[in-house]
Amino acid sequence: MEQEETIVERQFSARPFVPDQTGEREKRCEEILSIQSYGLKKRYEHTGCQSAVIGISGGLDSTLALLVTARTFDLLGLERNKITSVTMPCFGTTDRTYDNACKLAKLLGTTLREVDVREAVNTHFRDIGQDADCHDITYENGQARERTQVLMDIANQTGGLVIGTGDMSELALGWATYNGDHMSMYGVNVGVPKTLVSHLVRYYADTCGDEALRELLMDVLDTPVSPELLPPVDGAIAQRTEDLVGPYELHDFFLYYMLRCGFEPAKVYRVACMAFAGIYDEDVILKWLKTFYQRFFAQQFKRSCLPDGPKVGSVALSPRGDLRMPSDACGRIWLEELEGL
């Protein structure tokens, strides 16, 4: 057949995971929060556990996870003070995120516990011969793994479960420290893409009926997305995730049309250029699309041993469900198709 360029009349939403209409979006948010809460509720009923441990950073993901956990304990008839909210300041923690984490834990009626991990991380660095002035991947991941160890051991102390905070967009990109924030006993956000996380938190803020909590959640929404593993600059966050891996709204778009619709790379690129016309240049879209495919295939090994979590939509990355993908699957042919664009 002779191939020719055709005119595409169909419209593609730039945020396919987020309904455009306010009423439908609010209905979707309520449904997702319920799925997350009832999924976690079932895990508690099955295990017989009576407490929860969750690491809070003052960022969006851990905020949503804590809101869901509080809602779950209400459903179970358990006191919220059985939720241990753990803040673990280290080298990259800023005053803004630290204060928000502490305030959130108190406003929700949970038990706040602070464990400063700086000394433990520095001791570990000395043990393995890591220069603390070398801010490489070891410097960053050492902090994430120390925090996970703290959470797991506190869970043993309290007889509870560690609630995971990572979202689906991070899992798609492999933006998690293996056996660090990658690991938990139940991940409530694993089915929620980053572009939807903010809408869930905003919906909660608008419907909670608590003005102090609402103001706090709005400030969390206004905080740049960051793992906060590098020292701050003049007290401000120095490490912005989207500067490193690309805009999450693009990656969520790529993820949806690749997995949900089965589009090939060239088609994903074409519809992305249409959906984000006037927002991103085509060469910028192509750059991050290549990054998406490269990371998606290279990081499957992290998803292959993913903790359990609820499926909330038509796209999921669970190795036990929707995504039966070998850890060493090669993305070469996907990337080669993009090279000709």
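Laboratory data are not the source of any read-out in this text; all were calculated from the coordinates shown. For clarity, every value in this text was computed on a predicted model and none was experimentally measured. Note: ideal-geometry Cβ built from the backbone for every residue, glycine included; neighbour counts use all protein chains shown.
On the basis of the beta-carbon distance and an R0 of 25 Å, E24 and L341 show a calculated FRET efficiency of 0.15. 3J(HN,Hα) along the stretch 5-17, derived from phi through the Karplus expression 6.51 cos²θ - 1.76 cosθ + 1.60 where θ = phi - 60°, amounts to 6, 10, 8, 9, 9, 6, 9, 10, 5, 6, 10, x, 7 Hz, with x in place of Gly and Pro.
The Cα center of the stretch 253-276 and the Cα center of the stretch 285-341 differ in position by 14 Å.
Between C102 and D308, the modelled labels are 3.6 nm apart [label points 7 Å from Cα along Cα→Cβ]. Of interest is the spacing of the C-alpha centroids, which for the stretch 92-126 and the stretch 36-54 amounts to 24 Å. The 3J(HN,Hα) values that the Karplus relation (6.51, -1.76, 1.60; θ = phi - 60°) gives for the stretch 151-156 are, in residue order, 4, 4, 6, 5, 4, 5 Hz. Gly and Pro appear as x.
Summary value for the stretch 168-311: 38 percent relative contact order, contacts being C-alpha pairs under 8 angstrom separated by 6+ residues. Normalised by the number of residues in the stretch 22-245, the mean separation of alpha-carbon contacts (under 8 Å, six or more apart) gives a relative contact order of 24 percent. Using θ = phi - 60° in the Karplus curve 6.51 cos²θ - 1.76 cosθ + 1.60, the 3J(HN,Hα) couplings for the stretch 102-108 round to 5, 5, 4, 4, 6, 4, 8 Hz; x is entered for Gly and Pro. Close Lys pairs in the stretch 22-245 (alpha-carbon distance under 19 Å; sequence gap of 8 or more, or different chains): 5. Only the Cβ atoms of Lys and Arg (+1) and of Asp and Glu (-1) were treated as charged; on that basis the dipole of the stretch 211-302 about its Cα centre amounts to roughly 680 debye. In terms of its alpha-carbon gyration tensor, the stretch 234-328 comes out oblate; a/c meets the 1.5 threshold, while b/c is at least as large as a/b. Around the Cα centre of the chain, unit charges on the Cβ atoms of Lys, Arg, Asp and Glu (plus for the first two, minus for the last two) sum to a dipole of about 1260 debye.
Taking 0.36 nm per residue of sequence separation and subtracting the Cα-Cα distance, how much length would be gained by fully extending the chain between A266 and D283, in nm to one decimal?
Values: separation 17, 0.36 × 17 = 6.12 nm, distance 1.33 nm.
That works out to 4.8 nm of additional length.
Taking label points 7 Å from Cα along the Cα-to-Cβ direction, R324 and E211 give a separation of 5.6 nm. Note on D243 and D127: the model spin-label points, each 7 Å out from Cα along the C-beta direction, lie 3.2 nm apart.
Take the Cα of N156, go 7 Å toward its beta carbon, and the backbone nitrogen atoms of the stretch 120-148 under 15 Å from that spot belong to 146-148. Look at the dipole of the stretch 22-245 built from charges on Cβ: of H124, V233, L213, the Cα furthest out on the positive end belongs to L213.
Write down the percent of antiparallel bridges among all DSSP beta bridges whose residues are both part of the chain, to the nearest 5.
10
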